[in-house]
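Asker: Take this structure first; my questions come after.
The values are calculated or read from the model by the stated rules, or taken from the named source; none is laboratory data. Computed from a predicted structure; not experimentally measured. Cβ coordinates were reconstructed from backbone atoms using ideal geometry, including for glycine residues, and neighbour counts include every protein chain displayed. Side chains included, ligands, DNA and RNA excluded: accessible areas come from the protein's heavy atoms. Shrake-Rupley method; radii C 1.70, N 1.55, O 1.52, S 1.80 Å.
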Amino acid sequence: MYLQSLPCTALAAQGKTPDVAEGRAMFRRGLVAWVSRVGVVLTVACCCLSLLYVLACSPHSEESQAPLPRANAPTGKEGYQALLQEREEQHRHYISSLKKQISQLKEALQERSEQLKSVQDSLERAAGAPPVGLLDGAAERNHADLQEFLRSQLGRAEVHSGVKLPSEYAVVPFESFTLQKVYQLEMGLTRHPEEKPVRKDRRDELSETLETALQALNTPRDGDNPQQQKAYSPSDFMEGISRTEKDKGTLYELTFKGDRSQEFRRLVFFRPFGPLMKVKNERVDTANMLINIVVPLAKRADKFRHFMHNFREVCVRQDGRIHLTVVYFGKDQMSEVKGILENTS
């Protein structure tokens, strides 16, 4: 366009004829038109290739899903009705299965109720009649089996004799208790071993054991004079120990004051996860019994001096039938501990 606007004089001045200039202009216009057409063709080809790539490489679902019917489609209403009918049929089957299970449970409950009623009637008839018949024989056998089981549990426990243990970790420690307090050794020496407060279930358990022991002590034996027999009360109870073996039961040992100053009564009970069973009821005479005390010690000479003062006042001067062994760890303050022991001796 710019070349067409040039005057012929300018073209002549440049030494170019008008025909040559016009031919070049036409060539340029044709070249531009051809390039534009080629660009359009390439653009359309790229779009077609992109569309083919998207259609070929898009992920397909493994399971073919039926398209949902549309409401405005000719078959939309029929499709929804078919779907509703299918769901309704499924719910009907589920409801019928639930009704069947409920009826089965009702039949089982009625059968058990009838069995229970028949057993109660049999027990009521047996209660008003002497122990004869098949039912009484079965009851006696059941009672004998129960007694045999309790005796087997008692024989397995460490009541009459000890058992060999694999290591010291298998030892079940005893717990000490009085009328007001329970001392648990499993809590260790870093804490105060006294249980505060005592749990209600534990308090009821120990109270039942104490009442059973007092009843056994106050029951007269054969050959004893009831008038000369001492009447024991909770104030005569001194101390008890107990421990529970998880597969056998609970062992109780209770100590009461005896008739004389150096005599005590010791009762042993065992509860094999059932009724309380009395194992021993014996008198313990401590007139010729020596008590051994072992004290582990490391440093703490001041505390040991205070302990030895109480030991001398309570144990040595009042009784004297006692032997003290001090196991000392280390060498610090050993001379002071030796001096305290020599003074006490």
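Asker: Can you tell me which lysines have their Cα less than 29 Å from the Cα of LYS331? Leave out same-chain residues fewer than eight positions away.
Answerer: Output for LYS331: LYS299, LYS303.
Asker: Scale the Cα Rg of region 190-345 by the rule-of-thumb value 2.2 N^0.38 Å and send over the ratio, two decimals. Present the calculation step by step, with values, prior to reporting the outcome.
Answerer: On the way: Rg = 20.5 Å, N = 156, 2.2 N^0.38 = 15.0 Å.
Dividing the Cα Rg of region 190-345 by 2.2 N^0.38 Å gives 1.37.
Asker: List the equivalent ellipsoid semi-axes of region 255-345 in whole Å, largest first, each obtained as the square root of 5λ for an eigenvalue λ of the Cα gyration tensor. Walk me through the numbers on the way to the answer.
Answerer: Details: eigenvalues 270, 68, 18 Å².
The answer is 37, 18, 10 Å, longest axis first.
Asker: To continue, here is another question. In square angstrom, what is the accessible area per residue of region 229-345 with a 1.4 angstrom probe?
Answerer: Numbers: 7340 Å² over 117 residues.
Computed with neighbouring chains in place, this is 63 Å² per residue.
Asker: Under unit Cβ charges (Lys, Arg +1; Asp, Glu -1), what dipole magnitude, rounded to 20 debye, does region 271-345 have relative to its Cα centre? Present the calculation step by step, with values, prior to reporting the outcome.
Answerer: On the way: 13 positive and 8 negative charges, 57 e Å.
Around 280 debye, computed over region 271-345.
Asker: Could I ask something else about it? Rounded to whole Å, give me the distance from the Cα center of region 236-292 to that of region 86-110.
Answerer: The distance from the Cα centre of region 236-292 to that of region 86-110 comes to 62 Å.
Asker: Full-extension gain between SER50 and LYS257, please, as 0.36 nm times their residue separation minus the C-alpha to C-alpha distance.
Answerer: 64.0 nm
Asker: Of the options HIS306, MET334, PHE264, report the single residue whose Cα projects farthest towards the positive end of the charge dipole of region 256-338 (beta-carbon charges: Lys, Arg +1; Asp, Glu -1).
Answerer: Of the listed residues, the answer is PHE264.
Asker: For region 221-301, rounded, prolate or oblate, judged on the Cα gyration tensor with a ≥ b ≥ c (square roots of eigenvalues), a/c < 1.5 rounded, else prolate if a/b > b/c? Kindly include the intermediate steps, with their values, before the conclusion.
Answerer: Working: a/c = 2.65, a/b = 1.21, b/c = 2.20.
Because a/c hits 1.5 or more and a/b fails to exceed b/c, region 221-301 counts as oblate.
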